[in-house]
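Here is the structure we will look at, set down as structure tokens.
Here, each number is a calculation from the coordinates, and none is a lab measurement. Here the structure is a predicted model, which means the values were calculated and not measured. Quick reminder, even Gly has a Cβ in these numbers, built from the backbone with ideal geometry, and neighbours come from all protein chains shown.
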Amino acid sequence: MYHPAVLKGSAMQNISLFSTHDDNEEPMLESIEIKLILNLVKDLHGYDFTHYSKESIKRILQEITKKRKLAYISDLIPLLLRQPAFLNDFLAKMSITVTKLFRDPEFFASYRQHIIPYLSTFPYIKAWHAGCATGQEVYSHAIMLHEENLLDRALLYGTDFNNKALDTASAGIYSTSELMEAEAFYREAGGQNRLSDYYHSSHNFSKIEDYLKKPITFSHHNLTNDRVFGEMNVIFCRNTLIYFDRKEDFETVDEKNRIFRKKFI
Ligand SMILES: C[S@@+](CC[C@H](N)C(=O)[O-])C[C@H]1O[C@@H](n2cnc3c(N)ncnc32)[C@H](O)[C@@H]1O
């Protein structure tokens, strides 16, 4: 079978005579290939990406295909079927772990204003950070709860399906330059001290203080397959469940910063 997409110049002109479809069909074929791959990953490996944005999935699959110098997205199928190591590469690409301490400081400022007073009415506070990546969001929350004198009655859970990211999260060790850059975010979020009060540095790396780590449990959890993590007072799923469409169950606390409260019906 010839693959016109990998052929250039005159070879392309000759070979394309044998092609069984024209270029207009390509998007449709690609969409079928993507569906096949997503169903395979779901059925064989138990990871369900079928509800993820088609555009991001397509971009990621195209990138992997190109990097592996393959002609078509469907050329990934044998790798997913027969090469277990490839699954890890695939999952790593599906997991975009970009995060920062006090990322979107206006969100944290709004959280401090609207949610913390409500949380303070509970004897214990349980919070779940679903899709916590390398943990900075959970530590930001712990710092905020500490400043509001609530940390000693809080239990925080950080979950992700990326074990490598979870290892970093559990260690709580980040580059010093990254933490120094977050100082401004911390201030904008209404931070009451200096961010550097919450970590100690050794050369280029810095470790989050142990008292902030103590109430946090990091663990593996796949949002699409695993069961609900437990009864929670608050759930963070920022930049993770962006395709989650269950707004009717929630009332809005802050539309701009996407803070919602579950309706009690
Ligand atoms: C961009 S990070 C968001 C980190 C943090 N919530 C923040 O906003 O700074 C998205 C994280 O969601 C995780 N993720 C994506 N799909 C997931 C799934 N099905 N189950 C668990 N984690 C998932 C990825 O591995 C990644 O670490």
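Over the range 84-197, calculate the relative contact order: mean separation of alpha carbon pairs under 8 Å at least 6 apart, over the residue count, as a percent.
Dividing the mean separation by the residue count of the range 84-197 yields 34 percent.
For the chain, modelled as a Gaussian network with Cα springs under 10 Å, which listed residue fluctuates most, Glu26, Glu147, Glu178?
Of the options given, Glu26 has the highest mean-square fluctuation.
Give me the angle, in degrees from 0 to 90, between the Cα long axis of helix 84-94 and the longest principal axis of the Cα atoms of the chain, rounded to the nearest 10.
60
From the gyration tensor of the Cα coordinates in the chain, what semi-axes in whole Å does the equivalent ellipsoid have, largest first, with each one equal to sqrt(5λ)?
Value: 43, 21, 17 Å, ordered largest first.
Find the relative contact order for the chain and round it to a whole percent, using C-alpha pairs within less than 8 Å whose residues are 6+ positions apart.
Relative contact order for the chain comes out at 18 percent.
Taking the DSSP beta bridges in the range 117-265 as the whole, what percent of them are antiparallel, to the nearest 5?
The antiparallel fraction comes to roughly 45 percent.
Going by how many other beta carbons lie within 10 Å of each one, how would you line up Val41, Val253, fewest first?
Least crowded to most crowded, the residues run Val253, Val41.
Just rank Tyr198, Tyr47, Tyr124, fewest to most, by other beta-carbon atoms within 10 angstrom.
The fewest-first ordering by Cβ neighbours comes to Tyr124, Tyr47, Tyr198.
Give me a comma-separated list of calculated 3J(HN,Hα) values for the range 179-195, in order, Karplus coefficients 6.51, -1.76, 1.60 applied at θ = phi - 60°, integers in Hz, x for any Gly or Pro.
Coupling constants for the range 179-195: 5, 5, 5, 7, 4, 5, 4, 4, 4, 4, 7, x, x, 9, 10, 10, 4 Hz.
Given bins 5 angstrom wide, list per bin the percent of all Cα-Cα distances in the range 105-262, short to long.
Distribution as computed: 2, 9, 18, 22, 23, 16, 8, 3, 1, 0 percent.
Run through every distinct alpha carbon pair of the range 30-169 and return the Kirkwood hydrodynamic radius in angstroms, one decimal place.
After inverting the mean inverse Cα-Cα distance, the result is 17.5 Å.
So which residue, out of Ala184, Ala165, Ala133, gets the largest mean-square fluctuation from a GNM of the chain using Cα contacts under 10 Å as springs?
So, out of Ala184, Ala165, Ala133, the one fluctuating most is Ala184.
Report D for the range 119-180 in µm² per second (integer): Stokes-Einstein, Kirkwood Rh on Cα pairs, 4 °C, 1.567 mPa s.
Estimated diffusion coefficient is 104 µm²/s.
Short version: ³J(HN,Hα) in whole Hz for each residue of the range 215-231, in order, from phi by Karplus 6.51 cos²θ - 1.76 cosθ + 1.60 (θ = phi - 60°), x for Gly and Pro, what are they?
x, 9, 10, 9, 8, 5, 7, 9, 4, 7, 10, 7, 6, 3, 6, x, 6
Could you state the angle between the C-alpha long axis of helix 136-147 and the longest principal axis of the C-alpha atoms of the chain, as a value from 0 to 90 degrees rounded to the nearest 10?
Helix 136-147 sits at roughly 10 degrees to that axis.
Residue-wise, which Karplus ³J(HN,Hα) couplings in Hz belong to the range 198-210, taking 6.51 cos²θ - 1.76 cosθ + 1.60, θ = phi - 60°, and x for glycine or proline?
Coupling constants for the range 198-210: 9, 8, 10, 10, 9, 6, 8, 10, 9, 10, 5, 4, 4 Hz.
How far is helix 105-114 tilted off the main Cα axis of the chain, in degrees rounded to 10, range 0 to 90?
Roughly 50 degrees between the two axes.
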